[in-house]
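The next block holds one structure in the form of structure tokens; read it before the comments.
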Amino acid sequence: MHILVVNCGSSSLKASIVDAVSGQAISASTIERIGETVPNHAAAIDAALATLVGDGVEIRGVGHRVVHGGEFFSRPTVIDDAVVEKIEALTPLAPLHNPANAQGIRAARAALPHLTHVAVFDTAFHSTLPNRAKHYALPEKLAKKHGIRRYGFHGPSHGYVANLAAEFLEAKLQDLRVITCHLGNGASVAAVEYGRSVETSMGLTPLEGLVMGTRSGDLDPGALLFLAREEGLDIDGIDHLLNRESGLKGLSGVSNDMRDIEERAAEGDRDCRMALNVFAHRLRKYIGAYAAVMGGVDAIVFTAGIGENSALLRHRAAQRLDFLGARLDPDANRDARVGPDAPVAEISTRRSRCSLLVVATNEAHAIARGTADILLEKDKVDTQRTIPLAISARHVHLTQEAVEVLFGVGHALTVYKEISQPGQFACVEKVDLIGPKRTIEGVRVLGPTRPACQIEISRTDEFHLGMDAPIRNSGDVANSPGITLQGPAGRLTLTEGVIQARRHIHMHPDDAAYFGVQDRDVVEVEVDGGGRDLIFGDVLVRVKSSYVLEMHLDTDEANAANVMRGQQGLLSATGRDVRLRRKG
Ligand code: ADP
């Protein structure tokens, strides 16, 4: 299967036709200096296609490299207008890359409208980072407002080389703890624990972490303040300094290219020696840290321009790792050569518990494979679009009469926060649920008021309260158990109304038409990517023109599938998607 792989930067375009199975590039084209050589991205795409397409090679799909997927994307995604808009909406997080990626996508979709286009995200592989690794120690509110957290980059490469390493070691990636060091012009390290990225050195942007060609990597944030005060640098000045003038280039004073630096260091240039030392020291520090994060390491992988070619840097980074069980074989290291035909070379001794490997990365292959996987799945079922997943924590719907009993005569519910389903809102008001056994305090009321009271709780809540509630569709409360509600102004005992909400998907009629389902159909849904993949059966489809496409799970269900927990009493989007399945 041949895939056109497009990597569109702000002023350049790399395109190649890649065999998704072998990874071999059939043909490739690079257009530099867009704006000068050709007027714009659309013209660049046309020019690239003119040289690539022809000779009877059938292209099955187009894979686009997209740098930032933010909270939206955790896997390769079929591109439609909404996806392009989301990519553009992430511009503040990747101001140089995402607009260029989106422009490339628009141009390619216009030029090849009959093909399926797939976005493959640099960040997606790291969507499995646990919260403790994702969070910066900033005020949580601010971080949330702007999506400031660790995202990680080079995902296709880290995933690709980790898989090749596992294959080489004749093991399953799920059984290994691997540290992957992608050392190119941009450089990052990832801790891949049993198949999932759990730490990585790049963060909100690709500026954090290792020393790179022209980027500083880690720096005391106080240094920025210092530079602003003492050097009078403004935002653009700092941006330029850290992204373009630092790293190997800044340290060496001569070049961002490791080959030049190695050459001059060998000739005795002190700054170049220092550049090598700082680069290698930083890398060793990360390797040690990531071994600690995973409680051990089974393989350390070196890849990309420097990782694949610089025996010196590998030697510097991997020496004295005996305490991790990693023993470098200096001869094997010196002689290691990797390429398309032999993509993996082992550079550790036979006694080494932890394998040291050089692996040839191939990002275009990774993108082609991600694209091909989606196309094959798409051929299998026509239900490829994913469905956003929201967690519905325990909550209470009230009648106006009940509101007045609990909160006072004439009281009207107050909006705390709109929720995703139009017209619905979480209220400021909360009530206590008093069960036969125990009480649950502070349960959020959802507005607007309804013709009947309804209390939606999870199975765990039922055990806690000491009751047994049926699984019901919303609105169907006949013969369900009652409960006592306590509000600030009074207490209300209901004779019925407590249910476990049946898991369901809200759909607009257009969505139903897309998925080929109807109101009240019962479907299966697959949740994956959290390390506790789960297929939910008995999922009810509810179609209404006022609904927004979304699946609702309760907290027990979400926890079982390891979906990030929502806030209490709210219907909270999780940033995760699910997939509709054909039954049987
Ligand atoms: P990117 O794709 O991020 O632009 P690459 O993966 O091509 O970068 O890596 C570029 C880096 O690899 C450069 O610093 C280059 O000097 C280095 N590199 C390539 N070949 C060698 C070599 N033989 N020895 C040392 N460094 C090398």
Loop trypsin sites (Lys or Arg not before Pro), the range 25-66, which have at most 13 other Cβ atoms in a 10 Å radius of their Cβ (DSSP): ARG33
In straight Cα distance, which aspartates and glutamates are under 18 Å from LYS249, not counting same-chain residues fewer than 8 positions off? GLU208, ASP218, ASP239, ASP257, ASP260, GLU262, GLU263, GLU267, ASP269, ASP271
Please state the Cα pair-distance histogram of the range 38-162 with 5 angstrom bins from zero: what percent is in each bin? 2, 10, 18, 20, 18, 14, 8, 5, 3, 1, 0, 0
Could you pull the Cα extents of the range 149-281 along its three principal axes, largest to smallest, in whole Å? 53, 40, 19
Please compute, over every Cα-Cα pair in the range 355-480, the percentage with a separation greater than 17 angstrom. 71
Find, to one decimal place in angstroms, the Kirkwood hydrodynamic radius of the chain, where the mean of 1/r is taken over every pair of different Cα atoms and then inverted. 26.6
I want to make sure I understand the PRE zone here: with the label point 7 angstrom from the Cα of THR493 toward its beta carbon, which residues in the range 415-455 have backbone N atoms less than 13 Å away? 434-436
Taking a label point 7 Å from the Cα of ILE148 along Cα-to-Cβ, the residues of the range 215-236 whose backbone nitrogen sits under 16 Å from it are 219-226, 235
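Semi-axes of the equivalent ellipsoid for the range 312-380, please: Cα gyration tensor eigenvalues, times 5, square-rooted, ordered largest first, whole Å. Let's see the in-between values first.
Details: eigenvalues 224, 37, 19 Å².
Equivalent ellipsoid semi-axes, largest first: 33, 14, 10 Å.
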Starting from 0.36 nm per residue, how many nanometres of slack lie between ASN185 and THR439 once their C-alpha separation is accounted for? 85.6 nm
In µm²/s, what is D for the range 80-123 at 37 °C and 0.692 mPa s, where D = kT/(6 pi eta Rh) by Stokes-Einstein and Rh is the Kirkwood radius from Cα pairs? 304
Along principal axes, largest first, the alpha-carbon spread of the range 158-202 in whole Å comes out as 30, 19, 11
Pairs from LYS134/LYS417; LYS144/LYS417; LYS141/LYS430 whose Cα-Cα separation, in the structure shown, is over 20 Å: LYS134/LYS417; LYS141/LYS430
Fully extended, how many nm does the chain gain between ALA289 and HIS135 (0.36 nm per residue separation, minus their Cα-Cα distance)? 53.7 nm
Across the range 10-24, in residue order, what do the Karplus-derived ³J(HN,Hα) couplings come to in whole Hz, using 6.51 cos²θ - 1.76 cosθ + 1.60 with θ = phi - 60° and x for Gly and Pro? 5, 10, 9, 9, 10, 9, 8, 9, 10, 6, 5, 7, 7, x, 5
List the aspartates and glutamates whose Cα sits under 17 Å from the Cα of LYS14, skipping any in the same chain fewer than 8 residues away. GLU32, GLU36, ASP46, ASP122, GLU363
Binning at 10 angstrom from zero up to the longest distance, how are the C-alpha pair distances of the range 122-167 distributed in percent? 26, 41, 23, 9, 1
Rounded to the nearest 500, what is the 222 nm mean residue ellipticity of the chain from helices alone, with -39500 (n - 2.57) per DSSP H run of 4+ residues and division by all residues? -9500 deg cm²/dmol
Name the residues of the range 409-443 whose amide N is less than 19 Å from a point 7 angstrom out from the Cα of SER545 along the C-beta direction? 421-424
In nm, the gap between the two label points placed 7 Å beyond Cα toward Cβ at SER22 and ASP322 is 4.5
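Per the Kirkwood formula on distinct C-alpha pairs, the Rh of the range 178-226 is how many angstrom?
This gives a value of 11.6 Å.
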When N is the residue count of the range 424-567, what does its C-alpha Rg come to as a fraction of 2.2 N^0.38 Å? 1.12
Would you compute, for the Cα atoms of the range 211-335, the largest minus smallest coordinate along each principal axis and list the three values in descending order, in whole Å? 49, 38, 22
Cα-projected label distance for THR30 with GLU85, points at 7 Å along beta-carbon direction, nm: 3.7
Those trypsin sites (Lys or Arg not before Pro) from the range 250-342 that are DSSP loop and have at most 16 other Cβ neighbours within 10 Å turn out to be ARG320, ARG337
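Each value in this text was obtained by applying a stated rule to the coordinates, not by laboratory testing. As the structure is a prediction and not an experimental result, all values here were calculated from the model. Glycine gets a Cβ as well: all are built from the backbone with ideal geometry, and neighbour counts include every protein chain shown.
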